[in-house]
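Trainee: Shown below is the structure under consideration.
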Amino acid sequence: MTSEEGLRRMGRSEAASGLAMISPTAIYAILLLAAPLALIFIYSFLTDGDPGIIRTFTFANYIEAWSNELYRVVMLRSLMVALTVTAVTVLLAFPVAYFVSFHVDPSRKSLWLFLITIPFWTSYLIRVFLWKVILGYNGVVNSGLLGLGIISEPLQWINYNVGAVVLTLAHAYAPFAILPIFVALEKIDRSLLEAGQDLGESRFMTFLRVTLPLAMPGVIAAVLIVFIPTIGDFVTPQLVGGPEGRLVANLIQLQYLKLDNYPLGSAIAVSAMMIVTVVSLFFLYLNRRYLRGPES
Amino acid sequence: MRGGWFKVYTLVYLVFLFAPIILLPMFAFNDATVIAFPLSGFSTKWFAALADDPPLHDAVRNSLIIAVTTSILSTTLAVFAARASTRYRFPGKAGLMGLIMLPLVLPEIIVAVSLLAVLLGLGVNLSILTVILGHVLICTPFCIAILSSAFQSLDRSLEEAAYDLGETSFSTFRLIILPLVMPGIISSLLISFTISLDEFIIAFFLAGTQATLPVYIFSQFRFPQAVPVIMALGTILVCLSIVLLCIAEFFRRRGLARSGAKDTGGFL
């Protein structure tokens, strides 16, 4: 039997085989992802009736979502919290990734990464709840400090506010930030750093001009991996945010499950998606600019 | 000492990462309903309370059914997609793969509300089944990411050799390709099982009256007297996941040792 015969048996044209192979997964995604997303996009232009939805086209939901003080404040707060969490998480994570990549013996790197990822494999809900317990009015921090006589009454500013949300999310997404940066640092050819120093750059300048640019794809990946889920997070603001720390996911849940206003809920959801897309594209654009360098 | 200040910083960071998890067993074994210092005494009564909680047992059963079904379905769907994307060129590939991978970059709340809108619009009753539909959607991209690298490292000539020796494309897949990507399939099953078991938002929106474990835990947060029991439950879950992780790490290292590859640090 010749090779051509075998190749012929491999199937009809390559395109048809490929399409046939991907079709179960693609059909699943079209039916349960593309169609639902299209539906909430359509819902966002309809009017809420009581009960049900009235099929008249309107921009009223978007006008309401973007002009009503209540909704606008929450959306802006979500954006600010997500950006703060991203900045804090990535900045705190970078030295950890740097240490494991550059200062740990290769045979022990996996042990360090293992240690870093253990907390991440425990239930997200319980981790968030533990922060509520730690920071609460009668919580671990307050009762501990009271018991030691350092404070005379419980601290109010550590719980149920935006700061508590930022701290909890920075904790929850730490491994997501460390791992991509670590991977990027691992790929750096160490002889480049020696070359930098041989050519008379200080250690710090070598870091700025060689290590950091080469690590940038990992940093951008970390930024996106932290930013996208954070802006849609529901549990953390619900548990530790208090009334002043509610984010857009809580708003969407309120419209859908409590108020049963699907059109407005959809308009807020679509707006949140737009914000995520715009910010993500901006970061990707920054990455491109940064990699090209200032000269060209 | 190598690293100096970086090492000190990393150790402090690890303390921050582990702080909540270290407190968990302390309060799970504490003999007081209030979660506060000083600890009042040793007790295992919160663990005993877990055994006598039928809604919890239902939730665990629901979660296990959902996680097992999800891991099998999403791995199966991912095998098709990963094979198609690594082996064939066809029109619309980028668009279709983009759509399938979209849940990776979509906040989960969006997936949850859009599915809820469609299911209620179609008049489908919310149950375990609807949660599985959502979980398969978000787990499949992770499985594809794992399986693509497994399929990518396949040597195409092995497949051609099998055809030359008279195997059909199905038997080639079963006899040659499947055994070679088996480690990828196993880690894909494990990862999707873990994601599904821990997933909250989609289950919260789509479970209806059939609560999963995270949904049950979330509902208990409202009752202060239930907190120590949740601490006990959390302790058990943490111990289980650490044991599972250590087993996975053991097998990964053994696999590496067998193939003689250099250890580059797992989970990546």
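Trainee: Enumerate the amide H contacts of residue A:47 below 5 Å, restricted to partners 5 or more residues apart or on another chain; note that Pro and chain-start residues carry no placed amide H.
Mentor: The answer is A:54, A:56.
Trainee: Only counting other Cβ atoms within 10 Å, I'd like A:27, A:178 sorted with the fewest neighbours first.
Mentor: With the sparsest Cβ surroundings first, the list reads A:27, A:178.
Trainee: Sticking with this structure for a sec: Between region B:39-89 and region B:139-218, what is the C-alpha centre distance in whole Å?
Mentor: Between the Cα centre of region B:39-89 and that of region B:139-218, the gap is 16 Å.
Trainee: Peptide A:29-42: average number of partner chain Cβ atoms within 10 Å per residue? List each step's numbers first, then the result.
Mentor: Details: counts 14, 3, 3, 9, 12, 4, 3, 13, 9, 2, 5, 7, 1, 1.
Per-residue shielding by partner chains comes out at 6.
Trainee: Let me ask something else about it. Just to confirm my numbers, what's the Cα centroid distance between region A:179-223 and region A:59-85 in Å?
Mentor: For region A:179-223 versus region A:59-85, the Cα centre distance is 38 Å.
Trainee: Please list, in order along region A:15-22, the HN-Hα scalar couplings obtained from phi with the Karplus expression 6.51 cos²θ - 1.76 cosθ + 1.60 (θ = phi - 60°), rounded to whole Hz, x for Gly and Pro.
Mentor: Whole-Hz 3J(HN,Hα) from phi for region A:15-22: 4, 5, 4, x, 5, 5, 5, 7.
Trainee: What is the packing order of peptides A:148-155, B:169-176, taking the mean over residues of other C-beta atoms within 10 Å and listing the highest first?
Mentor: B:169-176, A:148-155
Trainee: What is the distance, in nm, between label points placed 7 Å from the Cα along the Cα-to-Cβ direction at residue B:15 and at residue B:169?
Mentor: Label-label distance for residue B:15 and residue B:169, simple model: 6.1 nm.
Trainee: List the relative contact order of chain B as a percent without decimals, with contacts defined as Cα pairs under 8 Å and 6+ residues apart.
Mentor: 31 percent
Trainee: Rounded, prolate or oblate: pick one for chain A, where a ≥ b ≥ c are the square roots of the eigenvalues of its C-alpha gyration tensor, a/c under 1.5 means rounded, and failing that, prolate if a/b is larger than b/c, else oblate.
Mentor: oblate
Trainee: Using alpha carbon centroids, what distance separates region A:118-145 and region A:241-255, in Å?
Mentor: 20 Å
Trainee: Another one. Is chain B best put as rounded, prolate or oblate by its Cα gyration tensor, with a ≥ b ≥ c the root eigenvalues, rounded for a/c under 1.5, and otherwise prolate when a/b is larger than b/c, oblate when not? Numbers along the way, then the final one.
Mentor: Details: a/c = 2.29, a/b = 1.45, b/c = 1.58.
It comes out oblate by the Cα gyration axes.
Trainee: State the extension gain, in nm to one decimal, for the chain segment bounded by residue A:201 and residue A:72, taking 0.36 nm per residue of separation less the distance between their alpha-carbons.
Mentor: Extending this stretch completely gives an extra 41.6 nm.
Trainee: Pulled fully out, how much extra length does the chain show between residue B:244 and residue B:104, if you take 0.36 nm times their separation in residues and subtract their Cα-Cα distance?
Mentor: Here the answer is 47.9 nm.
Trainee: Projected onto the charge dipole of region B:56-220 (+1 at Lys/Arg Cβ, -1 at Asp/Glu Cβ, origin at the Cα centre), which of B:181, B:217, B:130 gives the Cα projection farthest towards the positive end?
Mentor: Final value for the positive-end residue is B:130.
Trainee: What does the C-alpha gyration tensor say about the overall shape of the protein assembly as shown? Classify as rounded when a/c is under 1.5, otherwise prolate if a/b is larger than b/c, or oblate.
Mentor: Rounded.
Trainee: Rounded to the nearest 500, what is the 222 nm mean residue ellipticity of chain B from helices alone, with -39500 (n - 2.57) per DSSP H run of 4+ residues and division by all residues?
Mentor: Helices in chain B give a 222 nm mean residue ellipticity of -24000 deg cm²/dmol.
Trainee: As I understand it, the dipole of the protein assembly as shown uses +1 on the Cβ of Lys and Arg and -1 on the Cβ of Asp and Glu, about the Cα centre. Which of B:115, A:103, B:236 lies farthest toward its positive end?
Mentor: The Cα lying farthest towards the positive end belongs to A:103.
No lab work stands behind these numbers, since they all come straight from the coordinates. The model shown is predicted, which means the values in this text are computed figures rather than measured ones. Heads up, the Cβs are rebuilt from the backbone with ideal geometry, glycines too, and the neighbour counts pull from every protein chain shown.
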